[in-house]
Amino acid sequence: MMKKEEVLKKIPKEGFLKVTDYRKTDLSSQQKTVLNRKGNQLFNEGKYDQAERIFLTTGYSDGIMRMGDHYYNNNNMLEAFRMYVIAPAPDKKEMMIEKMAGIVRYWLHDNKEIVL
């Protein structure tokens, strides 16, 4: 068992996520539209990796939020949070921040030791 202070010291100063502004592209609006339709098709077919690449490339906020929802529903919370930040989806991002803050509060106040 590790004490909570030891666990907290292991958190990287730069954080857990690398977030980049993906919306800066040289694509025309027609190209984005075609790609977004393809991304939607791939998403609906369950080809999430390919859909995500398209949505991030075109900066398609709705598609990026849907990727966040997909990750959230599959318990991949860090990727979900990253998608909500990139989209941007402030309501969903704030909801996740509240949940994460609740976990940290629990660690800091209720537990003397954390089992890893």
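Where a number appears in this text, it was derived from the coordinates with a stated rule and is not lab data. Keep in mind that this is a model prediction, so the values were computed, not measured. For neighbour counting, all protein chains shown are included, and Cβ atoms are generated from backbone atoms with ideal geometry for every residue, glycine included.
Within a 10 angstrom radius of the beta carbon, how do PHE81, PHE55, PHE43 rank from fewest other beta carbons to most? Kindly include the intermediate steps, with their values, before the conclusion.
Numbers: PHE81 24, PHE55 28, PHE43 19.
Ranking PHE81, PHE55, PHE43 by Cβ neighbours within 10 Å, fewest first, gives PHE43, PHE81, PHE55.
Considering the convex hull of the alpha carbon atoms of region 26-108, report its projected area averaged over all viewing directions, in nm², one decimal. Mind showing how you got there, number by number?
Working: hull surface 23.2 nm².
If you wrap the Cα atoms of region 26-108 in a convex hull and average its projections, you get 5.8 nm².
Could you list the GluC sites (Glu not before Pro) in region 44-116 that lie in coil according to DSSP, counting only those with at most 15 other Cβ atoms within 10 Å of their Cβ?
Answer in residue order: GLU45.
Can you sort ILE97, ILE103, ILE86 by how many other beta carbons sit within 10 Å, fewest first? Write down the numbers at each step before the final one.
Values: ILE97 13, ILE103 10, ILE86 23.
Arranged by neighbour count, lowest to highest, ILE97, ILE103, ILE86 become ILE103, ILE97, ILE86.
So if we plug the beta-carbon distance of MET100 and ASN44 into 1/(1 + (r/R0)^6) with R0 = 35 Å, what FRET efficiency do we get, rounded to 0.05? List each step's numbers first, then the result.
Details: r = 30 Å, r/R0 = 0.86.
Plugging the Cβ-Cβ distance into 1/(1 + (r/R0)^6) gives 0.70.
To the nearest 20 debye, what is the magnitude of the charge dipole of region 28-116 about its Cα centre, counting +1 on the Cβ of each Lys and Arg and -1 on the Cβ of each Asp and Glu? The partial results should precede the final answer.
Values: 12 positive and 11 negative charges, 59 e Å.
Here region 28-116 has a charge dipole of around 280 debye.
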